[in-house]
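To keep things clear, I will list the structure first and then write my remarks on it.
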Amino acid sequence: MEQRPPICDYEGSDYQTSFWEQGGREYEDQVEAIALQRLLPVCGKLLLEIGAGAGRNTPRYQGYERVVLLDYSLTQLQQAQTHLGRSGRYIYVAANAYRLPFVAGLFDGATMIRTLHHMVDAPAAIHQVRQVLQSSGVFILEYANKQNLKAILRYMLRRQDWSPFDEAPVEFTALNFDFHPRAVREWLQHAGFAIERQLTVSHYRIGFLKRHIPTSWLVQMDALAQLSGNWWQLSPSVFTRARAVGDTPCALDGPFFRCPECQDYPLDEQSSDLVCLGCGRHYAIRDGIYDFREPLAH
């Protein structure tokens, strides 16, 4: 039987409320918004947002005609659907990021924000993104940086065992990983991406500073510090813009989804499910959300 990487599942979580709305994360949210604004293309047709959660960042993708919100948690997508509404602009998909259910070359843009740090096999997830992107498509990736100043200081004072200079990922708690910037760049390049720009983000993510310095000041200082990202990466969060390189075909008009099990397409969309004509598997459509996590039992 195929060994599949474990999934960090936010099903039933109040993450959006407890972490973002009530968790004192105004600073982090605002500096991430600035980074996205700097890296996003002015316009695009179809964007894939991997790890969309409850749609915190989705309204920031105004330049794209349509956005696919993908998350493994159905309840997170339901929150996003409640917040963003139902329209032809948003497509909600519950799926495994290691097994994306889309035809190759479908998207001209993709983002993965605060998601890679849950990936046991980060290179495999990045490779999946490249498969569904068109040539010259833009991929904006955020990752947790193990080589940040706090980790370096703790290591020098012998308050942590792992080295921030080692390229191997560190799992600081279950299914939560920090990555070395050089390793992430190598994964991107190996998957078929050319790195265009790097921004360092959340330099002042320290409780003392957030309690005693106005958020607006911290945001302005961070906005300036972000610009050093191409030279060095010493912040806890790094944003990278990469472009898909190589001759890969664009998806033909019509086919959208493919079977994550057998890779066949197109799928036959019925009133309550999608049917793979190749292997016969059925995938549920749950109140406007396409659910590819597991095939339906028949």
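Here are some notes:
- Of all residues in segment 151-196, those satisfying the criterion of being touching a helix residue (DSSP H, G or I) at 6+ places or on another chain (Cβ under 8 Å), part of a strand (DSSP E or B) and surrounded by 15 or more Cβ atoms within 10 Å (Cβ to Cβ) are Phe177, Asp178, Phe179, Phe193, Ile195.
- Filter result (among the aliphatic types (A, V, I, L, M) and more than 16 Å from the chain's Cα centre (by Cα)) within segment 92-106: Val103, Ala104, Leu106
- First in segment 21-33 and over 16 Å from Glu142 (Cα atoms) and at pLDDT 95 or above, second anywhere and aliphatic (A, V, I, L, M) and assigned to a helix (DSSP H, G or I), Cβ under 7 Å, 6 or more apart: Tyr27/Leu218; Tyr27/Val219
- Matching residues in segment 253-263 - criterion: being loosely packed, with under 14 Cβ neighbours inside 10 Å and either touching a residue at least 12 places away in the same chain (Cβ under 8 Å) or closer than 20 Å to Leu69 by Cα (or both): Gly254, Cys262
- In segment 79-98, the residues that are buried (at least 18 other Cβ atoms within 10 Å of the Cβ) and not β-branched (Val, Ile, Thr): Gln79, Ala80, Gln81, Leu84, Tyr90, Tyr92, Ala94, Ala95, Asn96, Ala97
- Yes/no for Arg66 being in contact with a Phe, Trp or Tyr (Cβ under 8 Å, 6 or more places away or on another chain) and either under 29 Å from Ala174 (Cβ atoms) or modelled with pLDDT of 95 or more (or both): yes
- Residue satisfying condition, being without any contact (Cβ under 8 Å) to a residue 12 or more places away in the chain, in a helix (DSSP H, G or I) and more than 20 Å from Thr240 (Cβ to Cβ), within set Thr75, Thr82: Thr82
- Screening the candidates Leu116, Leu70 for the property of being touching a residue at least 40 places away in the same chain (Cβ under 8 Å) and in contact with a Leu (Cβ under 7 Å, 6 or more places away or on another chain) yields one hit, Leu116.
- Single residue of segment 207-259 satisfying the filter (aliphatic (A, V, I, L, M) and within 30 Å of Glu294 (Cα to Cα)) that is modelled with the highest pLDDT: Ala244
- Ala174 among the small types (Gly, Ala, Ser) and more than 24 Å from Gly44 (Cβ to Cβ): yes
- Among (1) surrounded by fewer than 18 Cβ atoms within 10 Å (Cβ to Cβ); (2) touching a residue at least 12 places away in the same chain (Cβ under 8 Å) - the single one Gln62 does not satisfy: (2)
- Qualifying residue in segment 245-258 (condition: outside any loop (DSSP other than H, G, I, E, B) and in contact with a helix residue (DSSP H, G or I) (Cβ under 8 Å, 6 or more places away or on another chain)): no
- Annotation for segment 118-125: at least one member residue is closer than 18 Å to Gln263 by Cα and not in a strand (DSSP E or B).
- Output for segment 266-294, where each listed residue is surrounded by fewer than 20 Cβ atoms within 10 Å (Cβ to Cβ) and either hydroxyl-bearing (Ser, Thr, Tyr) or in contact with a His (Cβ under 7 Å, 6 or more places away or on another chain) (or both): Ser271, Ser272, Asp273, Val275, His282
- Unique residue being outside any strand (DSSP E or B) and surrounded by 21 or more Cβ atoms within 10 Å (Cβ to Cβ) when the list is Glu49, Glu32: Glu32
The values are calculated or read from the model by the stated rules, or taken from the named source; none is laboratory data. Note that this is a predicted model, so its numbers are computed, not measured. Positions of Cβ are backbone-derived with ideal geometry, glycine not excepted, and every protein chain shown enters the neighbour counts.
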